[in-house]
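Colleague: Input: one structure, supplied below.
What follows draws every value from the coordinates through simple rules; no lab data is involved. Predicted, not measured: the structure shown is a model, and the values here were computed from it. Note: ideal-geometry Cβ built from the backbone for every residue, glycine included; neighbour counts use all protein chains shown.
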Amino acid sequence: MRVWHLALLVVVMFAMAAVLAPVFQRARETDGGPTCRSKLSQLALAMIMYAQDYDDRLPNSATWMDDVSPYIKYQDLFHCPQDERHKYSYAMNSRLSGAKMTGIPERVLNNVIMLYESDSGRRNANGRLRITDLADPKRHDGGLFFAFAAGHARGFTADRFAAVLRDSATALRGLPLSVRPTVTRQPAAGMPPGPRRPAIRIGIPPGGRSRGE
């Protein structure tokens, strides 16, 4: 009888584990999701701050992390807490490389994707923003986050990816973005050569909430 009770207890424990595992997984992903969204939002704002200092031009997609680093407080901003494989979790839309922010009409800023989640794992990762460029949506329980030119980030489920990417490409089509050559940066008039260390830097302290200083 004692063996029967022990076997029944083991069966009940396995059943409870099977039921509760998805719950704990969703809780873990829900906890990481807002942090990832916040990081992308802050990186988008850092890129806008960079553009304000450099003749309204966004960073070059080949050096964008290097370019915005003086505008952020923590290098951990480049990593999604749900990305267990890479140090760098995000990539820049290469169609915006060196583009003039003023070349993007205000009415489409909310549609133009600036940064996205990627499985490249490379520093300064970038791409033409195709479906194949995106990270595995399992990273956030079937969805990913995107940062837009307006300076905010939003999450979408995998079934929306094609539409979101199409809206971004449509918004950019035919716009005079005036992409600059991939050479040395030219700061705005009165600015010293190279990126300055701004008075305000943004970032998320490791294990803490986002904040400015």
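Colleague: Please work out whether the stretch 97-179 counts as rounded, prolate or oblate from its C-alpha gyration tensor, where a ≥ b ≥ c are the square roots of the eigenvalues and a/c under 1.5 means rounded, while otherwise a/b larger than b/c means prolate and anything else oblate?
Modeller: Prolate.
Colleague: Now for a separate question. So if I take the centroid of the Cα atoms in the stretch 121-146 and the same for the stretch 70-86, what is the distance between those two points in Å?
Modeller: Value for the Cα centre distance between the two parts: 14 Å.
Colleague: Quick one: which of 76-86, 130-140 comes out on top by average Cβ neighbours within 10 Å, and what's the full order, highest first?
Modeller: Those peptides, ordered most packed to least, come out 76-86, 130-140.
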